[in-house]
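A short write-up of the structure that comes next.
The values are calculated or read from the model by the stated rules, or taken from the named source; none is laboratory data. What you see is a predicted model; the values in this text were computed from it and never measured. With ideal geometry, Cβ positions are generated from the backbone for all residues, glycine too; neighbour counts draw on all protein chains shown. Please note that ligands, DNA and RNA were not included when accessible areas were found on the heavy atoms of the full protein model with its side chains. Shrake-Rupley method; radii C 1.70, N 1.55, O 1.52, S 1.80 Å.
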Amino acid sequence: MTKQELPKAYDFKSTEPRIYAMWEAGGFFQPHNDPNKPGFDPNVEPFVISIPPPNVTGELHLGHAMFVSVEDLMIRYHRMKGYSTLWVPGTDHAGIATQLMVERDLLQKEEVTREELGRDEFVKRTWEWKHKYGNIITNQIRRLGASCDWSRERFTLDDGLSRAVREAFVRLYEKGLIYRGPRLINWSPGLKTAVSDLEVEYEEEDVTLYYFKYMLAGRGGSRSAPPEYIPVATIRPETILGDTAVAVHPEDERYKKYIGKTVIVPILNREIPVIADEYVSMEFGTGALKITPGHDPNDYAIAQRHNLPIISMLDKEAKVNENGGKYQGQDRFEARKNMWADMKKAGLVIKEEPYRTTIPRSQRGGEIVEPMISEQWFVKIESLAKAGLDAVRDGRIKIVPERFEKIYFNWLENIKDWCISRQLWWGHRIPVWYCPDGHMTVTREDPTQCAACGSKEIRQDDDVLDTWFSSGLWPFSTLGWPQQTADLKYFYPTTYMETGYDILFFWVARMIMMGLEFTGEIPFNTVYLHGTVRDQFGRRMSKTKGNGIDPLWVLDGAPVEALPDYAQKQYPKGLPAMGTDALRFTLLTAGSPGNDLNLNLERVESNRNFANKLWNIGRFVINAIDGLGDQRPKASLQSPTSNYTLADSWIWAKLQQLVRDVERNFQNFQYGQAGQQIYDFIWSDFADWYVEIAKEQMKSDDTRTSTVETLARVFDTCLRLLHPFTPFVTEEIWGHLRSSILQSSLSRLARDWTPALIVAKFPQPRQPEGWEEAKVADFELIQEIVRSIRNLRAEKNVAPSKKIPATIISGERVDLLKAQSPIIATLAGLDQSQISNLKFLQDKPADSASLVIGSVEIYLPLAGMVDLSGEKSRLEKELKEAESHIARLEKLLSSDFAGKAPPALVQKERDKLAGYKDTAEKLKTQLK
RNA sequence: GGGCGCUUAGCUCAGUUGGUUAGAGCACUUCUUUUACACAGAAGGGGUCGGGGGUUCGAGUCCCUCAGCGCCCACCA
């Protein structure tokens, strides 16, 4: 292979697809220890994540980008650690969402409704849709660098998972944990299906509160006794049609006398009783409550207590039914208007007033949900919930961040039976058959006759199951359950469950309950929850608000007109393409676990710059290696205490500290911290200091090869540490680095390297050896000297290109400074040939500006450039600063701090104080 | 009505067993086309860590309290 010049800028556009293809072709996404393949070793520890399956009709949004970034990070880290790592991908059939989308499409393109098409044809069309568009989302997820094992990809409606759903349903049924019956459920009139409690969202809205009279029955009234009535308030006057009682508080003096009497339902003129129930609040409204058991959960409960009849007055489209008299056929809101008008005419109206209350709306359709009595299937949840609670309480499952455990407990402790039937066509059909006699047959295989009476006239239940029923089985159904497959045996329970906190109840809690119920094991041992990605002002991204950022814009760039308003202002020329790594690194480091993240596009830009920086550091290191030619290492690096330069020792010590910090942060799920630390090390320590010093060290034959070796080894470690965060750019550079090293005289370094970084070994932390602290302190002194000189030069406007002479005086540190003088000279722009010998001087050179750093004095003879009076005030300022430090530290050290703080800490402060005292002394002498 | 989170530099945010001159990115000022990088380098300015109280030798960090913002859960018509 011939060496080719690497371009100045990292080209992520051409690199990313090439690298991804290489990974996939190399089989790196598959677990290295596969139970289905020869040579399987059951003792190798697996690490498994099941992907939160995106909706098969979905398109990539930042929520996907977030979970892919975090999960791929977890996966890549563990893969590099040597675990047999499996990330199971797949998609969800997403009942309502998909059905709606296909319905809309059919209506638009063919002007047919699903009812016109019929169930079988509609389902067929939906499958066609799935086959056509179902891979869009998975391809988009590939673009994010997801290292899923695509050979194990699953779909919630595929044959295997359908069998799992069937098995789960039948088992629950046989155990008596599934029942069917008429209950008050949330009905979505737009979607014409039941929805679960979780699928209803409550929002505060301005409505009208209507006050009216419930006239007492049998009292027409007369001149002596005006007609009596009970005033009642409601926000839904049309539900009067379904009223079966009026309730008052038993202690309410105003209404006590009416208890047991009857009142007349307006317009319908039905008679209903006045009952007493403590639920009614005497303070609120009129203190009297109309009871509509058929359309209100509270009223339903009261009706049960008092054995009241239940009247349904709405049909499936929320139109008034035959129980609504003259209003039959009217929409609920139309009926409300008409009813109220009629009541006005009848003189039954008291007043209307504006009112603010929470209104239940369907999460999907957005229309107001109507509580209705309906025949539905339910899961008896109590025992499942208890098991789910125990698993987290006793620590078998850990939730990160921990505060979500409390939320989880609270929800499960108050959970109600789960309505699992949906009146949809797209989904797992409920495996129950009915015969004309009403017997139910519930079986794993489709029956041909009724299990009870043998009737051949059986008909399957029309309903399908809630989508979350199948997603609840996901961690084990994707591994083959209910069959005891090799995958299930080895990879289950899975390891982490990573997802957004917004589906803790929908999904996570149900997986825990169902996992425990069906497999007898926890489905995963850790739940890690990330936050929601919002726009840079903290607003939820939404299509209607038009403030959403499409991840693909961030990857590929976008024309200005595609962007939301605020971004148009920021990027009048359009959004530049920034690549996957930049987006991933931003999502991983810009926030903290469990908290929402406001995506700042400028931050993505800076991370694109980071990728480019990395690329260029790589070019430098590779050039340095190539530049060695066949020059044999003079003496290989031995130990930091023998032939390392100070800079070598320093960067090595800092790197080892970094590896330890990163490891600790990974263990604590502090990925953002880890990423930030790697970023800082690479940019601020390695590039800004070590690379610059390396240029100097490479000039000398004595240190040339050892410097290149250090560059190569440190950079290699950086790439490994960073790979889970920014997989593409690190893989690309590492490949170049690897081949350069193998062709160089340093080839021994890379001899055991893997073919690709994705499967390279993650750096192992090592304990400090004891020398580190002193070397780091020494190097930091050099840094401080360099910074001080640079600072002075900038202040005095010395041209950067101008090399200036210097005299450095130091007592105790003379050896260190002598050794480091070439580096100080290079970095600070000193004329090396004119650096005075380090020595003890009694007098400072004339016409010099001076710097004092502890015991070190530096004189820069800037004759003609230095204004001496200004010089004096500068030194006075420095003295003042030093003295304020001295005062602060003396106060600190004379307080209880000295006695009570850890001795090492106290000593550190004492040393600092001594340094400042030294500085102050020297400054004072100079000022004289 | 319960519960949770947030409030740190102009903006967006880190800051996990409390450790002493509080960090990053962007923005800002000055300088530099120095042979890895101008998507860069060097130097700098900018914060009484929302208010108040407490614990402690020491508090952005722990406790109490108040305020503002956001979220979740909850059947007051």
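How large is the translational diffusion coefficient of segment A:584-730 in µm² per second when you combine the Kirkwood radius over alpha carbon pairs with Stokes-Einstein at 10 °C and 1.306 mPa s? Present the calculation step by step, with values, prior to reporting the outcome.
Details: Rh = 16.3 Å.
The Stokes-Einstein estimate is 97 µm²/s.
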Student exercise: in segment A:880-928, how many lysine pairs 8 or more apart or on different chains have Cα atoms under 27 Å apart? 23
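Using a 1.4 Å probe on the protein heavy atoms, what percent of the accessible area of segment A:71-168 belongs to carbon and sulfur? List each step's numbers first, then the result.
Working: 1830 of 3770 Å².
So the carbon and sulfur contribution to the accessible surface is 48 percent.
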Taking 7 Å along the Cα-to-C-beta vector as the label spot, tell me the A:Q834-A:R305 distance in nanometres, rounded to one decimal. 9.7
What translational diffusion coefficient, to the nearest whole µm²/s, does segment A:261-377 have by Stokes-Einstein, given a Kirkwood radius computed over alpha-carbon pairs, a temperature of 10 °C and 1.306 mPa s viscosity? 98
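Gain in length, A:E203 to A:L742, computed as 0.36 nm per residue apart minus the alpha-carbon separation, to one decimal in nm?
Values: separation 539, 0.36 × 539 = 194.04 nm, distance 6.41 nm.
Once the chain is fully extended between A:E203 and A:L742, it gains 187.6 nm.
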How far is it, in nm, from the label point at A:E382 to the one at A:Q449 when both lie 7 Å from their Cα along the line to the Cβ? 3.9
Note the per residue figure in Å³ for the convex hull of the C-alpha positions in segment A:1-129. 218
The computed P(r) of chain A puts the percent of Cα pairs beyond 37 Å at 62
Under the helix-only model (-39500 (n - 2.57) for each DSSP H run of 4 or more, divided by the residues of chain A), the mean residue ellipticity at 222 nm, to 500 deg cm²/dmol, is -13000 deg cm²/dmol
Would you mind giving the average projected area, over all directions, of the Cα convex hull of segment A:152-229 in nm² with one decimal? 12.1
Eight or more residues apart or on different chains, and alpha-carbon atoms under 30 Å: count the Lys pairs in segment A:218-342 matching that. 13
Relative to a virtual label point 7 Å from the Cα of A:T358 in the Cα→beta-carbon direction, which members of segment A:288-320 show backbone nitrogen distances below 17 Å? A:296-299
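Can you pull the percent of segment A:548-634's accessible area that's carbon plus sulfur, 1.4 Å probe, other chains left in place?
46
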Tell me the angle of helix A:403-413 to the major Cα principal axis of chain A, expressed in degrees between 0 and 90 and rounded to the nearest ten. 20
Would you work out what percent of the accessible area of segment A:436-526, with all protein chains in place, is carbon or sulfur (probe 1.4 Å)? 46
Helix A:646-667: angle to the longest alpha-carbon principal axis of chain A, degrees 0 to 90, nearest 10? 10
Unit Cα scatterers, Debye sum, segment A:294-435: log10 I(q)/I(0) for q = 0.17, 0.20, 0.22 Å⁻¹: -1.24, -1.41, -1.46
For segment A:645-712, place one equal point scatterer on every Cα, skip the solvent, and apply the Debye formula. What is log10 of I(q)/I(0) at q = 0.25 Å⁻¹? -1.01
How far apart, in nanometres, would the label points at A:K124 and A:E317 be if each is projected 7 angstrom from Cα along the Cα-to-Cβ direction? 2.7
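Which of the GluC sites (Glu not before Pro) found in segment A:235-270 are in a DSSP loop and have at most 14 neighbouring Cβ atoms, other than their own, within 10 Å? Write out the running numbers ahead of the final one.
Details: sites: A:E238, A:E251, A:E253; in loops: A:E251, A:E253.
Those that pass, being in a loop and sparsely packed, are A:E251, A:E253.
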With the 1.4 Å probe rolled over protein heavy atoms, chain A has an accessible area per residue in Å² of 44
On a 0 to 90° scale, report how tilted helix A:671-680 is relative to the longest principal axis of chain A, with both axes built from alpha carbons and the result rounded to the nearest 10. 20
Take A:L719, A:L6 and sort them by solvent-accessible surface of the protein heavy atoms, 1.4 Å probe, largest at the top. A:L6, A:L719
